[in-house]
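**Student:** Here it is: the structure, laid out below.
The values are calculated or read from the model by the stated rules, or taken from the named source; none is laboratory data. Fair warning: this is a prediction, and the values are worked out from it, not measured in the lab. We place every Cβ from the backbone using ideal geometry, glycine too, and count neighbours over all the protein chains shown. Ligands, DNA and RNA are stripped out before the accessible areas are found, and what is left, the full protein with its side chains, is counted by its heavy atoms. Shrake-Rupley method; radii C 1.70, N 1.55, O 1.52, S 1.80 Å.
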Amino acid sequence: MTRPRFRSLAAAELVAMRGRRLGWAVALAAAGSSVGGLAMAALVLPFDDATAIEASTVVVSRGSAAAVAVAVLAALAVAGPYRDGSWMHAALAVPHAGRRIAAGAVPAVGLGVGLGAVAIASAAVGAALVDASALRALPAAAGAHLGAVAVWSAWMVCLAHATRSPLATLGIGAGLPLVAEPALAGLLAMAPVADARWWLLPGLALRSLAELPVGEGVVLDGPSAAQLPLLLASVLGWTVAAALAAWLRARGAQPR
């Protein structure tokens, strides 16, 4: 028996994701980002000396709800099958763990980027209600944010495979950027190794990489361009760690 083509496997995974209530992720990306974009535009409005790229980055990067929406997507579409037993179809069709994860990651990351696009559009609509001038550099800010969302989506896919739990995937995927990392970043900022927070925390490193073109802004206080190698190394390291965790778990005993 010949092995199915990788493209066919990815297409089958995409079809299997239908009916998993993914509309919740879309609704969260749209509603959360519209409110976030409005709030961020109001925040940047008093700063007349903010550059166009900084204003647009604040709206898109800080106003987007894509990170949480992607965590919901991974919980429903990737971790969900481990709970309801439908994971067995993929396991029987593709016994090779790495190939199976990769085939499922292609549509999941694609859908994650789609959520990022929805979030950007919604944030832009919300911001336009307050200050349309904050969107003058929207294409550049949107491109950087979509790149970050793609990497975050890959991390969430790996997390879903590693935990095999929708609740754990959602808890970590939403709790990390919203609760854990801001608290840890605040503690590190008061420590002698304050700069370590930019590359030590995965979500913050990824966001900082997307916001790096802003430089030293009047609203955003991020790392300098000199931190680029460390940020790249951090994102690459966390990507390898996430992929390895998913692969090792997939190679282990399968759930019954």
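**Student:** Read phi for every residue in the range 242-248 and hand back ³J(HN,Hα) as whole Hz from Karplus 6.51 cos²θ - 1.76 cosθ + 1.60, θ = phi - 60°, with x for Gly and Pro.
**Tutor:** 5, 5, 5, 4, 5, 5, 5
**Student:** For q values of 0.17 Å⁻¹, compute log₁₀ I(q)/I(0) with the Debye formula on a Cα-only model of the range 203-244, without solvent.
**Tutor:** Debye curve over Cα of the range 203-244, log10 I(q)/I(0) at q = 0.17 Å⁻¹: -0.45.
**Student:** What do you reckon, how do THR51, THR239 stack up by accessible area (1.4 Å probe), largest on top?
**Tutor:** On the way: THR51 70, THR239 50 Å².
The residues order as THR51, THR239, largest area first.
**Student:** State to the nearest 20 debye the size of the charge dipole of the range 17-166 about its Cα centre, where the only charges are +1 on K and R beta carbons and -1 on D and E beta carbons.
**Tutor:** Details: 9 positive and 5 negative charges, 171 e Å.
In debye, rounded to 20, the range 17-166 gives about 820.
**Student:** Among PRO229, THR163, ALA50, which residue has its Cα furthest toward the positive end of the charge dipole of the chain, with +1 on Lys/Arg Cβ and -1 on Asp/Glu Cβ?
**Tutor:** The Cα lying farthest towards the positive end belongs to THR163.
**Student:** What order do you get for 52-65, 112-125 when each peptide is scored by the mean count of other beta carbon atoms within 10 Å, highest first? Each step should come with its number before you reach the end.
**Tutor:** Values: 52-65: 26.5, 112-125: 23.9.
Result, highest mean Cβ count within 10 Å first: 52-65, 112-125.
**Student:** Continuing with this model, one more query. Per residue of the range 15-29, in order, report the coupling 6.51 cos²θ - 1.76 cosθ + 1.60 (Karplus, θ = phi - 60°) as ³J(HN,Hα) in whole Hz, putting x for Gly and Pro.
**Tutor:** Once rounded to whole Hz, the list reads 5, 5, 6, 5, x, 9, 6, 6, x, 5, 5, 5, 4, 5, 4.
**Student:** Right, next: Given charges of +1 on the Cβ of Lys and Arg and -1 on the Cβ of Asp and Glu, with all other atoms neutral, how large is the dipole of the chain about its Cα centre, in debye to the nearest 20?
**Tutor:** Details: 17 positive and 11 negative charges, 348 e Å.
Approximately 1660 debye in magnitude.
**Student:** Something else about it: Give the label of the value calculated from the structure for Cα extents along the principal axes in Å, choosing from [x] 61, 56, 31; [y] 68, 34, 32; [z] 65, 42, 29.
**Tutor:** Answer by label: [z].
**Student:** Once every DSSP H run of n ≥ 4 in the chain is given -39500 (n - 2.57) and the sum is divided by its residues, what mean residue ellipticity at 222 nm do you get, rounded to the nearest 500 deg cm²/dmol? Write down the numbers at each step before the final one.
**Tutor:** Values: 13 runs with 176 residues, N = 256.
Helix contribution divided over all residues of the chain: -22000 deg cm²/dmol.
**Student:** Separate question: For the chain, with the dipole built from +1 on Lys and Arg beta-carbon atoms and -1 on Asp and Glu ones, taken about the Cα centre, which of GLY215, GLY36, ALA189 lies farthest toward the positive end?
**Tutor:** Working it through, the farthest residue towards the positive pole turns out to be GLY36.
**Student:** Tell me, what ³J(HN,Hα) does each residue in the range 62-68 have, in order and in whole Hz, if you take phi through Karplus 6.51 cos²θ - 1.76 cosθ + 1.60 with θ = phi - 60° and put x for Gly and Pro?
**Tutor:** Running phi through 6.51 cos²θ - 1.76 cosθ + 1.60 with θ = phi - 60° gives 8, x, 6, 9, 5, 4, 6 Hz.
**Student:** Calculate, axis by axis, the spread of Cα positions in the range 81-193 along the three principal axes, and write the results as whole Å, longest axis first.
**Tutor:** Largest first, the range 81-193 extends 53, 37, 23 Å along its Cα principal axes.
**Student:** Could you please state, rounded to a whole Å, how far the C-alpha centre of the range 155-224 is from the C-alpha centre of the range 11-50?
**Tutor:** If we compute the Cα centre of each part, the gap is 18 Å.
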